[in-house]
1. How many residues does the range 253-280 contain that are outside any loop (DSSP other than H, G, I, E, B) and either under 18 Å from residue 108 (Cα atoms) or small (Gly, Ala, Ser) (or both)?
2. Any idea which residue in the range 101-143 is surrounded by the fewest Cβ atoms within 10 Å (Cβ to Cβ), counting only those that are more than 21 Å from residue 21 (Cβ to Cβ) and aromatic (Phe, Trp, Tyr)?
3. Within the range 53-64, can one find any residue that is within 24 Å of residue 170 (Cβ to Cβ) and aliphatic (A, V, I, L, M)?
4. Would you mention how many residues in the range 296-310 are surrounded by fewer than 16 Cβ atoms within 10 Å (Cβ to Cβ), assigned to a helix (DSSP H, G or I) and of a type outside the set (A, V, I, L, M)?
5. Please state which one of 44, 52 is surrounded by 21 or more Cβ atoms within 10 Å (Cβ to Cβ) and free of Cβ contacts under 8 Å to residues at least 40 places away in the same chain.
6. For residue 151, only one of the following conditions fails: (1) more than 30 Å from residue 97 (Cβ to Cβ); (2) crowded, with 23+ Cβ neighbours inside 10 Å; (3) of a type outside the set (S, T, N, Q). What is its number?
7. State whether one or more residues within the range 71-79 are of a type in the set (Phe, Trp, Tyr), within 25 Å of residue 238 (Cα to Cα) and not assigned by TED's automatic domain parsing to the domain that holds residue 282.
8. Is it true that residue 17 is closer than 26 Å to residue 125 by Cα, touching a helix residue (DSSP H, G or I) at 6+ places or on another chain (Cβ under 8 Å) and acidic (Asp, Glu)?
Amino acid sequence: MQKEKIRYAPVLVTVYDRPEHFKQCIKSLLKNYSVSETTLFIFSDGPKDAKSFKRVTLVREYIKSIHGFKRVIPFTPKENTRGVGRLEVRDHLHDFSDRYIFSEDDNVFSPYFLNYMNSALDIYEEDERIHAISGYMFPGFPASNLQPLLIKEFSAWGVGYWRDKFILPDFNHSKFAKQIFLDHNLFNKINYGSPHLAPMLKQMAEGKLIAVDVIRSSLLYQHDCYCVFPSISMVRNIGNDGTGDHCGVNEIFSHQEICEAEMIFDRSTHLTFQASNQKWIRDYFGGRPAILRNKLIFLEMNTSNLLLQWVLNFAFRFTNLTYRIVLRMMRNMKLKISI
């Protein structure tokens, strides 16, 4: 039987001023077996100020030295675009290919990451249930073997998209977040499946946060779609070291084991959603305590009584602080047991 020809998706890596993170990211991609068939797009945003100028310069000097990919196509605007330039590169990618793989500069990849991504993008292209292919899996997932899974969750730590299944519309994200709190049914779906989203949706509704990943995850529930995840992560994130814009310091992710074997896909088997996998995700993100905590958010967002809003907000802050401390302790304990 003739082996099916693999379609190699281009990879887009975005970077700002973290040259050492970026080098580790690129070097790990270069260890992938299909790298010589892969076109690499790089979006290196311009410096915001004199302080970042030197680091951005180091990033761009390293870009000039990158070899091993089929082709390297850098985009290096002179001025800082505040991320807008990345959208222009994405539009260019949509003209270049009907699929692509995206990563920021702080991900380190398994040598089988590109094979996993390209195979999954081919196999699930016609499956309308599937929005994207994630290369990441959260720490501690109880994997008995290496297999693809359907989960109502989104992770941008190494993700594959199809141009024609791009479900992120050009709309007001804050307004969409507000609408979720007006739709009790949709809010419950999100809360009982991914309870970590509600606090961020509240911040977005109040105009205090921009988080595209939160919107994508919420849209999965609205459209009843899924993402494909590997049972063992193909990606390790090294950016939770205090250098990122929205990340604190958390060694769980930088110590995470990643897959050192190739995933074998069964094209003849229809990938089915397993409720037990979603339950694990729900528990990973706080489980029932987080779900109950989020009910305070829903009540606060749906009352016009200022005193009641204050009381509910105070109750949320207190329960949220307790919940976060306990959750961090539990995750750290699991990490120490596993390493």
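The values are calculated or read from the model by the stated rules, or taken from the named source; none is laboratory data. It should be emphasised that the depicted structure is a prediction, and the values quoted were computed from it without experimental measurement. Cβ atoms come from the backbone with ideal geometry, glycine included; neighbour counts cover every protein chain shown.
1. Adding up the residues that qualify gives 4.
2. It comes out as 141.
3. Checking the range 53-64: not a single residue is within 24 Å of residue 170 (Cβ to Cβ) and aliphatic (A, V, I, L, M).
4. Result for the range 296-310: 2.
5. 44
6. For residue 151, the exception is condition (1).
7. yes
8. no
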